[in-house]
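Student: I have a structure I would like to understand better, so I am pasting it below and will then ask my questions one at a time.
The values are calculated or read from the model by the stated rules, or taken from the named source; none is laboratory data. Remember, predicted model here, so these are calculated numbers, not experimental data. All Cβ positions, glycine included, derive from the backbone under ideal geometry; neighbour counts span all protein chains shown.
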Amino acid sequence: MKASDLFVKALETEGVQYVFGIPGEENLDLLESIRKSNIKLILTRHEQGAGFMAATYGRLTGQVGVCLSTLGPGATNLVTPAAYAQLGAMPMMMITGQKPIKTSKQGRFQVIDVVDMMRPITKYTTQVVSADRIPSAVREAFRLAQEERPGAVHIELPEDIAAESSDTNILTPTTPRRPIAEYKAINRAVEMIEAAQTPLLLIAAGSNRKLTSKMLREFVDKTGIPFATTQMGKGVLNENDPLFVGNTALSDGDFVHRAIKRADLIINIGHDVVEKPPFFMEEGGQKVIHINFDSASVDPVYFPQLEVVGDIANSIWQIKEQIEPQAHWQNDAYNDLNDAFADHRDAAQADDRFPILPERLVRDVRSAMPDDGIVTLDNGVYKIWFARNYPAYSPNTLLLDNALATMGAGLPSAMAAKLVYPDRAVLSVCGDGGFMMNSQELETAVRLKLHIVVVIMRDDAYGMIKWKQANMNFDEFGLDYGNPDFVKYAESYGAKGWRIETVEGLHERIEHCLKEPAVHVIDCPVDYSLNDATLNHNLREISEKL
């Protein structure tokens, strides 16, 4: 079998549906093999868009998303998506081309050491030096990409190797069983939880797995123990639950942080060091149980008293089976904080000034989206408001990046979400800065006939940095820019463009766009001027009374 055919056959055996990317001349053998296969090539307008789509596919399905580029500049354009997938624990494989490695006659033209470049930001990177190595290289890459903690992997397939022949057999994928926690750790966890007065679940990034979500639901239903989430843990449990005490979107001082401080025991599930911890431990202070696939990375502010290491879902199930609800648990200790937060949030969301406030925009998006609709966020100050104020009712219905926190991923993520879930509503919220970083993918979305809605929060500046600049007492400088007419810009790609001119118009327009199959772009002017008033004055004034 031709090596490129063997490679694609290995991808098919792994269950690959899509390859996202931009081929170059070094990929032409592989491109022809994809043409003859059952895999669909999603041609994008930039390798970065392809990488973000592949990573989001992995995030939503748990399967490895695959993207493709040529050598040199095509490969370097995958560096940001590689870091995005690696830090965000999204299974993704990158395939890059390379000049012939045996008889190259072009010197170093476009040649860089892509394998070494990818080494610090992937779990696995290799160059295929023989067609016979393809089955094992692909199997190992997929195994590592999906193994906890998931992440990015990379295979370089040189042009001359792709054209070779091989009679090597494809390796069949296997599904390993993850280790489970020792019974002594489970028993000790049960003892500590039953002895606590105000236990609190903290659900973090590593909890965002289907089985974990199911087991956590059963655990909370049995015990009635309240829960909070980190940004990457949003939606693991239904946040419309009265036991939900908030999301750790802000650095400190919010209602949810006060709830965390009231807890005498924090059951920290799926803690990931890429996210800033929402609490700092002190010797002799509140106790912490670390439940995760891996042991804790201990530092001066995180040194859990108990580590339950093993498959998270199984650990939760074992604890749930043994634990008995206790009469002395004060599960209502956080109720006043919940009520105060609701009053605080509702007052801001009712504001009817225009340009629209971010809190009001969050409310309008939530009320327009169906319960299972998927919102993808780019990166900007509005991400805080969505993490804090947008209740997610099920896993992966609010996709945000609190790991690499890169701009430019919002639109490609929405496109991937629509491919995975064609029957669900998909909406992307982007700042004008982040949107323009990959806005060319509108053409890809139109070509694929995707039904997605993109809301651009336009303030004609890099608003997040501008806000920080002001808070650090620097003079305003270097962060304002001009924008195209986003309505005409969308229409030039064959999408539908809309402009919001009143505060009441946003909700109505989103509802309309969700009903009409097309690629929709909504230009919505936004006002960030009350960020400080809301976060620093009203928040402190209200929460300090509690």
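Student: Mind counting the residues in the range 267-325 that are acidic (D, E) and within 23 Å of the chain's Cα centre (by Cα)?
Tutor: Pass one, the range 267-325, residues acidic (D, E): 272, 275, 282-283, 294, 299, 307, 311, 321, 324.
With the extra rule that they be within 23 Å of the chain's Cα centre (by Cα), the set shrinks to 272, 275, 294, 311.
Counting residues in the range 267-325 that are acidic (D, E) and within 23 Å of the chain's Cα centre (by Cα) gives 4.
Student: Given the options A348, A333, name the one that is of a type outside the set (S, T, N, Q) and part of a helix (DSSP H, G or I). Give the derivation first.
Tutor: Details: A333 fails: part of a helix (DSSP H, G or I).
Just a single option satisfies the conditions, and that option is A348.
Student: Is it true that some residue in the range 343-358 is crowded, with 16+ Cβ neighbours inside 10 Å, in contact with a Gly (Cβ under 8 Å, 6 or more places away or on another chain) and either free of Cβ contacts under 8 Å to residues at least 60 places away in the same chain or farther than 21 Å from R217 by Cβ (or both)?
Tutor: Initially, the range 343-358 is screened for residues crowded, with 16+ Cβ neighbours inside 10 Å, giving 344-345, 348-349, 351, 354-358.
Keeping just the survivors that are in contact with a Gly (Cβ under 8 Å, 6 or more places away or on another chain) gives none.
No.
Student: Which of the strands (runs of 3 or more DSSP E) contained wholly in the range 245-330 include at least 1 residues that are without any contact (Cβ under 8 Å) to a residue 40 or more places away in the chain, of a type outside the set (A, V, I, L, M, F, W, C) and outside the structural domain of I384 (by TED's automatic domain parsing)?
Tutor: On the way: elements: 265-269, 287-292, 306-309.
Ranges flagged: 287-292.
Student: Just checking, which of A333, A403 is closer than 28 Å to G51 by Cα and touching a residue at least 40 places away in the same chain (Cβ under 8 Å)?
Tutor: Details: A333 fails: closer than 28 Å to G51 by Cα.
One residue alone meets the criteria, A403.
Student: Just to be sure I understand, how many residues within the range 158-209 are in contact with a helix residue (DSSP H, G or I) (Cβ under 9 Å, 6 or more places away or on another chain) and among the acidic types (D, E)?
Tutor: Count: 3.
Student: Quick one: D523 ticks every box in (1) assigned to a strand (DSSP E or B); (2) touching a Gly at 6+ places or on another chain (Cβ under 9 Å); (3) within 19 Å of G373 (Cβ to Cβ) except a single one, so which number is it?
Tutor: (3)
Student: Of all residues in the range 127-177, which are crowded, with 18+ Cβ neighbours inside 10 Å and part of a strand (DSSP E or B)?
Tutor: Within the range 127-177, Q127, A152, V153, H154, I155, E156, L157, P158 qualify.
Student: When residues of the range 219-243 are filtered for being in contact (Cβ under 8 Å) with a residue 40 or more places away in the chain, out of contact with any helix residue (DSSP H, G or I) (no Cβ under 7 Å at 6 or more places or on another chain) and not acidic (D, E), how many remain? Spell out how you get there, then give the answer.
Tutor: Our first condition is that a residue be in contact (Cβ under 8 Å) with a residue 40 or more places away in the chain; within the range 219-243, this holds for 219, 222-226, 228, 230-232, 234-236, 238-240, 242-243.
Subset that is out of contact with any helix residue (DSSP H, G or I) (no Cβ under 7 Å at 6 or more places or on another chain): 223-226, 235, 238-240, 242.
Those left that are additionally not acidic (D, E): 223-226, 235, 238, 240, 242.
So the answer is 8.
Student: Oh, and also: Considering only helices (runs of 4 or more DSSP H) fully contained in the range 17-123, which possess at least 2 residues that are aromatic (F, W, Y) and either farther than 17 Å from E156 by Cα or within 22 Å of the chain's Cα centre (by Cα) (or both)?
Tutor: Working: elements: 28-35, 47-61, 72-76, 79-88, 114-118.
In the range 17-123, 47-61 are the helices (runs of 4 or more DSSP H) which contain 2 or more residues that are aromatic (F, W, Y) and either farther than 17 Å from E156 by Cα or within 22 Å of the chain's Cα centre (by Cα) (or both).
Student: Select from the range 274-298 the residues that are modelled with pLDDT of 95 or more and among the β-branched types (V, I, T) and write down the one among them that is farthest from M192 (Cα to Cα).
Tutor: Only one residue tops the list, namely I291.
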